[in-house]
Every structure is written in structure tokens, then in C-alpha cells.
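These notes are about the structure you will find just below.
The values are calculated or read from the model by the stated rules, or taken from the named source; none is laboratory data. On a predicted model such as this, the values are computed, not experimentally measured, just so you know. Cβ: placed from backbone, ideal geometry, glycine included. Neighbour counts: every protein chain shown. Areas reflect the complete protein model, heavy atoms only, side chains present, ligands, DNA and RNA absent. Shrake-Rupley method; radii C 1.70, N 1.55, O 1.52, S 1.80 Å.
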Amino acid sequence: MAKLSLCSRSVLLGLIILLAGILMFKAAKSDSAIVDELAHIPAGYSYARYLDYRLNPEHPPLVKILAAIPLLFQNLNFPTDNLAWTRDVNGQWSIGGQFLYESGNDADQIITWARVGPIILTLILIIAIYFWSKSLMGKWWAFLPTFLFAFSPTVLAHGHYVTTDVGAAIGIFVATVAFLNLLSRPSRKTLLWAGLAFGFAQLLKFSAALLVPYFIILAGVFYLVGLSNDWATTDSARGHWRRFSTRAWRYAKSLFCVFSIGVIVVYLVYLPLTWNYPIERQVADTQANLANFNPHWLADSIVWMSGGPILRPAAQYLTGLLMVLQRSSGGSTNYFLDELSNQARRDYFPAVFLMKEPIASLILILFAFGLGAFNTGKAALAVIFRRSRKLIDYLTTHFTEFAMMAFIAIYWISSIVSNLNIGIRHIIPTLPFIYILTAGGIKQWFSIRNLNLARNFAIKIFIIYRELFSLSLKSALLAVLLIWYLMSSLSAAPHFLSYFNFVFGGLDGGWRYITDSNYDWGQDLKRLKTWVDGNVPKTDKIAVDYFGGGNPKYYLGEQAENWWSARGNPINSGIKWLAVSINTIQSAKAKLAGTQERLPQDEYQWLTEPLKPYARAGTSIFIYRLTGL
């Protein structure tokens, strides 16, 4: 029976992995390059082939290297003689265009193969979520968070792109699990694994630097809980000092070792990746990349480090970290709720989560977190009324739950107060913990209660009957929500990036609220080619104002005419068709907010009814027939 159960679980997990993998791979083959891939793919290839880190230093290397591994077995031309490589500072965009579209390479083949690595990384994270959840809530309940993560439209979208967001999720998840294991079972082995996992996370995305304060908080709370539990069993003031100062030193030493091992891991990976990066070039690039960073003394210190043969791998990592901090403080221009602004809004991430998370999972999340908030509230009231023992008991028995909630709070707060609104992809690292906590709350809701309150046998039978009837209703409701959730994801395929729940316009209407990486990141250029091949005569041209990582002329040849608003109406040049990315249209027509500026000639004022196109390529490119204007 046990073997049959194990076989059933293995088959179910295998089916989840297989279906998620198929959905991502099909999307990977049909999507054109999104914006960030134009920089990430050539950068990863240059690291792996040339051991030179001059491109894209603002992102750690691991995801890009994984994406580049399949490319090493292809006969590709890389433009090392281009000025963007030999002269420019971080000429990633120019190199990306040259490498993919202008060097005789098969761009689609490169892009598809490069996406295999991120897809595998995403599938590994799904498996990791299952096995850790199994240790927390049991073999079958572990499938609930696994299912929610595997078929999240957001995960399926960003899990097949060469970007760092899902990479950050697996790095932070593994590092957190390893650190919690160290706290509960301290040993040299768990210490080593925690340090390696911490370093692994730092190589995936710079936001993993938040693990430093997060781990310090976890160790501090874990220490205080242990102190509270063991205080009464320790004799004398001297015994208290001796026992708990020794324990505090042990935790401090463990933190130091974890961070030190992580630093060594980062250094050892960056070391070979800077071997062929000329020192004088690295110094000049570092100086240019950090020219506007404050405080200047910190930037100057890293420039000095970049000139030393031993310190320059560390300098390259720190350069990227400071570039991210610099960008976060500077902000970015985005369309959000009919406004175009370069200033972040505090409601951005909560709003985008409510818009892009399927309604079925929102119901589960809000219900489970409501139960959790109720229990937390009771614990808080206990503290207020001097029953602090209840809080200590909760932290003693539910420390893992507390740790997940703490990370979600830290990451969301840092994202909300940041001046960088870059899309729901930025909060993907919190999704595994959100779904695991949700599953834990639902499991608690399913548990049979009040049985021990009944002393009479007949009353016990009645309670059991009532509870079983309640469980069947709960099971039916959960099944309906999970089927609805899966159907929501499947109905979006392969346009996962543009998914919005039906309350906010669905797949076709989400662009009215938010664009960029939430809806239009350039993924539909190949679909534009398909539409043009079937609808526009070969003798006709089409004006294309495209936002993304593709190249219109690569796919459409001379039939495509690169266009922008200031060039005026293409009909005046004899062109009857116009294709414009939705991100561009919204940026041209939205109200300006903050300090954002826009020239009148960039507003497509000559385009009548810009939000009512003749047709659409995929979800994100509006197509206009200009003969009737």
C-alpha cells in the first residue's frame, strides 16, 4: 500500500512537472525576444565563451551562464570586433542586436535554446517546493503549493525567459530552507550547506542581498525564543550569563560563517569570469558605471579594487550591486493606471498582484491569510494583556511559518518603498512562501475539531458525521477553485505574460491598467510576422513602432519600415499599415505624472482612435489600417 501511495505521488508530481514544462517550452518557442533578453543572452554567452564580464554587470551571472551553455555547442558568430564590445561602456544592447540579428546567426534558435536553462531552473524550484512542503504539511497537502506555483501564469511567463526573477526565487528559497535547517539542527554540515546556498542566491539576483538582514532577524528571534524557553531551567544569574552568552556567540559565529562562505562562493565564480576582462578596461568601465553613485568614496573604493588582480572579481560583483541600488533610487518610467511617471507609487505592487493573480488563488490566499491574521491577532492581544507566553509558544512551534511571513513582509516592504516599479516579476521570490502559507491555512481549515469536547459517545458520532460532511463540502470547494485556477492558466497559453484576471480585463484588456513586463515586453514580434504574412501583400510595407528585444527587419525584411510618432502618418509615405506596441501607445497617450515629460510630436496625435486598432498581433501589438484616416 505504501509503495502504491509513493507511486501515485510520484506520478502526480511528474505530471505537474511535465505539463508546466510543456507550457513553458511551447511559449518559449513562440515568443520573440523580450527586452531584457537582448542584453542577457549575449552577456551570458560572452561570460561562458570568453570569460569576460564587460557586458550587463548589473545582474549576477548564474542564470545567464545556464542559458548560454546550450549555445556553446552551436557554431555562432559573436561580434567581438564591434565598437560596442571594444570601446563602449556596457554596450549590451548594441551587442545583443548584432549577435542575434546581424551576425548571420539563427536568432530564433539561439533564443529558444537559451531559454532551456531558465525553464529547467523553474522546474527544479517546483520540485523543491514540493519536497520542503512535504516536510511541513505532509505528502499530499504538499501538492497544493506545488500546484499553485507550477501553474501560476506569472511563473509560467517569467519561468521561460532569460531573466533573473525566477532565478532569484529559487536562490532565496533554497537559502532560506538551508538557514532554517541550520538553526534547528546546527552542525558543520548544515553550516556549510547554508553558506553555499547563501552564495548561490547572491549569484542569481542582487535582491538576494536582503537575505543578510533577514537571516540576522531570524537568528535573533530564534535566540530570544530559546532564551525564553530555557531561562527557567537555568540556575543562578551566573548560569544565565554563561549559558546564553555562549549561545549568542554561537549564533553570531554561525551568521559570520554563512556570510563568509557565501562571499567565497561569489568570489570563486566571478574570478574566472573576469580572467579575460582587461584590468585597465575594467577600471575604466567601473568608473563610468559608478560615476553618479553616492557616496562617492564608496564608488571610488570599488574603482580602486577593480585595478587589483586579486580584488577585481569582488569589485565586479560590488559594481553590479551598486548599479542596482543606483537604479532603484533613480526610478524608471512606467505606465500605471492611466499615468506615465518616473516616480514609484506605493500602491503599485499590491495593485499589480491583485490584477495578475488568478481570482481562484486570490480567494485561497485571502482566506488563508485571514485565518492567519486572526491567529496572529490573538497572539498579539496575548502580549498586550501580558500573556506573552502564548507568543513564545507560537514562535517555538511555528517558527518556519513565522520565517516565511517575515520574508514576505521584508521583501514586499522593500519593494513598495523602492523607487522602482518594474512589474509583478519583482515579487516572484515571495510566491513560494505565499503559496506554502496558503496551503497551511487551508489544511488547518480542513482539520477536524471539537471531537475531544464531547464526552458522550453519541455526541461524538454526530460530531464526526458533521465534520465529515463539512470536509466533503470543503473538498468540493477546493477542487472547484483548483480547476478554475488551472483553466485560467491554460486559457492564457502561450500568452502568459499578458495574463490579467477577468476583473481587470483578462488577457485582452489588462493593458488598460499596466504595461511593460506585466503585459507587453516585446514577446509578439513573431506573431506580427505571422499576421503580416497572412494579411499584407508582399508589395506593401508596414510601419512598425516596436518595443522589445526583437528586430522587425529580421523577421519582416524590407517589408518593415521602422517608425515612430514624430515621423508623422505613414500614409503620407504611401504606407497603409501601422503596427505599434501597446506599451508605446500607452506611454504616448497617458497623463503625465511626477516630473515626467513628453514632447507633443511623440504623442501619436495624428492617429485617430489609437485604442481601437484594426487588428492585434498576439496580445501586445496594435495594428492599424491607415487608408481610412
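Round to the nearest 10 and report in Å² the accessible area of Lys390, as given by a 1.4 Å probe over the protein chains' heavy atoms.
90
Could you tell me which of Asn276, Tyr499, His296 has its Cα farthest along the dipole of the chain towards the positive end, charges placed at Cβ (Lys, Arg +1; Asp, Glu -1), taken about the Cα centre?
Tyr499
With the dipole of the chain worked out from charges on the C-beta (+1 for Lys and Arg, -1 for Asp and Glu) around the Cα centre, which of Ile110, Leu125, Ser489 lies farthest toward the positive end?
Farthest along the dipole direction, towards plus: Leu125.
Give a residue-ordered list of calculated ³J(HN,Hα) values for the range 394-399 (Karplus: 6.51 cos²θ - 1.76 cosθ + 1.60, θ = phi - 60°; whole Hz; x for Gly, Pro).
Once θ is set to phi - 60°, the couplings for the range 394-399 become 4, 5, 5, 8, 10, 5 Hz.
Per DSSP H run of at least 4 residues, take -39500 (n - 2.57); add these up for the chain, divide by its residues and hand me the 222 nm value, nearest 500 deg cm²/dmol.
-20000 deg cm²/dmol
How much length is gained on full extension from Ile363 to Trp484, taking 0.36 nm per residue of separation minus their Cα-Cα distance?
Stretched out fully, the Ile363 to Trp484 stretch lengthens by 42.4 nm.
Would you kindly derive the ³J(HN,Hα) couplings of the range 513-519 from the backbone phi angles with the Karplus curve 6.51 cos²θ - 1.76 cosθ + 1.60 (θ = phi - 60°), listing them in order in whole Hz, with x for Gly and Pro?
9, 8, 10, 6, 5, 7, 8
Quick one: which residues, 5 or more positions from Phe336 or on another chain, have an amide H under 5 Å from its amide H? H modelled 1.01 Å from N in the peptide plane, none for Pro or chain starts.
Placed amide hydrogens put Ser341 under 5 Å from Phe336.
Report the charge-dipole magnitude of the range 52-109 in Debye, nearest 20, computed about the Cα centre from +1 at each Lys and Arg Cβ and -1 at each Asp and Glu Cβ.
That gives a dipole near 160 debye.
Please list 3J(HN,Hα) in residue order for the range 345-350, calculated via the Karplus relation 6.51 cos²θ - 1.76 cosθ + 1.60 where θ = phi - 60°; whole Hz, with x for glycine and proline.
10, 5, 8, 4, 5, x
Report in % the part of the accessible area of the chain that belongs to carbon and sulfur, leaving out ligands and nucleic acids; probe 1.4 Å.
65
Please report the antiparallel percentage of the DSSP beta bridges confined to the chain, to the nearest 5.
Restricted to the chain, the bridges split so that about 55 percent are antiparallel.
To the nearest 10 degrees, how steeply does helix 116-137 sit against the main Cα axis of the chain, on a 0 to 90 scale?
Long axis of 116-137 versus the principal axis of the chain: about 20 degrees.
Thr80 to Glu597: FRET efficiency via 1/(1 + (r/R0)^6), r the Cβ-Cβ distance, R0 30 Å, to the nearest 0.05?
The calculated FRET efficiency here is 0.20.
How far apart, in nm, are two points set 7 Å out from the Cα along the Cα-to-Cβ line at Trp606 and at Asp508?
Between Trp606 and Asp508, the label points sit 3.0 nm apart.
I want the antiparallel fraction of DSSP beta bridges within the range 487-629, as a percent rounded to 5. Could the numbers behind the result be given before it?
Details: 8 of 15 bridges.
Counting DSSP beta bridges with both partners in the range 487-629, the antiparallel share is about 55 percent.
What does the accessible area per residue of the chain come to in Å², with a 1.4 Å probe and no ligands, DNA or RNA counted?
Dividing the accessible area of the chain by its residue count gives 44 Å².
Distance check, please: which entries in Lys134/Lys526; Lys64/Lys591; Lys526/Lys589 exceed 31 angstrom between their Cα atoms? Please list the in-between numbers first.
Numbers: Lys134/Lys526 41 Å; Lys64/Lys591 37 Å; Lys526/Lys589 26 Å.
The answer is Lys134/Lys526; Lys64/Lys591.
What residues of the range 340-355 lie in the reach of a label at Val417, counting those whose backbone N is under 17 Å from a point 7 Å from the Cα along Cα→Cβ?
Flagged as within label range: 344-350.
Compute the separation of the alpha-carbon centres of the range 89-160 and the range 251-329 and state it in Å as a whole number.
27
Suppose every Lys and Arg Cβ carries +1 and every Asp and Glu Cβ carries -1, with no other charges. What dipole size does the chain come out with about its Cα centre, to the nearest 20 debye?
Rounded to the nearest 20 debye, it is 2900 debye.
Sort the following peptides by mean Cβ neighbour count (other Cβ atoms within 10 Å, averaged over residues), highest first: 438-447, 131-140, 148-157.
Answer by packing, highest mean first, reads 148-157, 438-447, 131-140.
What is the magnitude of the charge dipole of the range 277-380 about its Cα centre, with +1 placed on the Cβ of each Lys and Arg, -1 on the Cβ of each Asp and Glu, and no other charges, expressed in debye to the nearest 20?
Approximately 260 debye in magnitude.
Gain in length, Ser329 to Phe446, computed as 0.36 nm per residue apart minus the alpha-carbon separation, to one decimal in nm?
37.6 nm
Farthest toward the dipole's positive end in the chain, which of Pro42, Ile95, Ile22, given Cβ charges of +1 (Lys, Arg) and -1 (Asp, Glu) about the Cα centre?
Value: Ile22.
Could you work out how far helix 296-306 tilts from the main Cα principal axis of the chain, as a 0 to 90 degree angle to the nearest 10?
80
Ranked highest first by the average count of other Cβ atoms within 10 Å around their residues, in what order do 424-431, 481-488, 615-622 fall?
424-431, 615-622, 481-488
Using the alpha-carbon atoms, what tilt in degrees (0 to 90, nearest 10) does helix 165-184 show relative to the longest principal axis of the chain?
With both axes taken from Cα atoms, the answer is about 20 degrees.
List the residues, sorted by chain then number, that are 5 or more residues from Ala543 or on another chain and whose placed amide H is less than 5 Å from its amide H.
Amide H neighbours of Ala543, under 5 Å, 5+ apart: Glu561, Trp577, Leu578, Ala579.
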